[in-house]
Amino acid sequence: MQVYPNPFNPQTKIAFRLESAGEVSLAIFDVQGRLVRRLIEGSLAAGDYSVEWNGMDSGGRAVSAGTYLCRLSTAGGVQTRKLSLVR
């Protein structure tokens with residue numbers, strides 16, 4: 001999983017590759033572990049993917065500047081990356 005740009009303002013791109021089809025969850029959490037926004041939840045085919053996060057929560061509100069965690073969960077495991085939003 002790659003995140004660029006990082007730090008970002010106002011949006012960042014999260015790119016990842018799936019070696020095989022399966023269930024995928026891609027979500028943003030704050031540093032206290034609270035869910036900020038779920039970007040992907042469902043089944044995807046094998047291949048390359050890219051998703052943008054615009055610094056908004058699930059309610060469409062802009063989140064504050066700070067550090068966030070991006071977590072990609074697949075059948076192959078879990079990857080987490082730190083994101084820094086600067087305003």
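For the listed peptides 38-44, 8-14, a ranking on the average number of other beta carbons within 10 Å per residue, highest first, reads 8-14, 38-44.
Per-atom-type breakdown for the range 1-85 gives carbon and sulfur 47% of the accessible area (1.4 Å probe, protein chains only). Per residue, the accessible area of the chain comes to 58 Å² when a 1.4 Å probe rolls over the protein heavy atoms.
The values are calculated or read from the model by the stated rules, or taken from the named source; none is laboratory data. All values derive from a computational prediction rather than experimental measurement. No Cβ is skipped: glycine too gets one built from the backbone with ideal geometry, and neighbour counts run over all protein chains shown. Heads up: the accessible areas ignore ligands, DNA and RNA and are worked out on the full protein's heavy atoms, side chains in. Shrake-Rupley method; radii C 1.70, N 1.55, O 1.52, S 1.80 Å.
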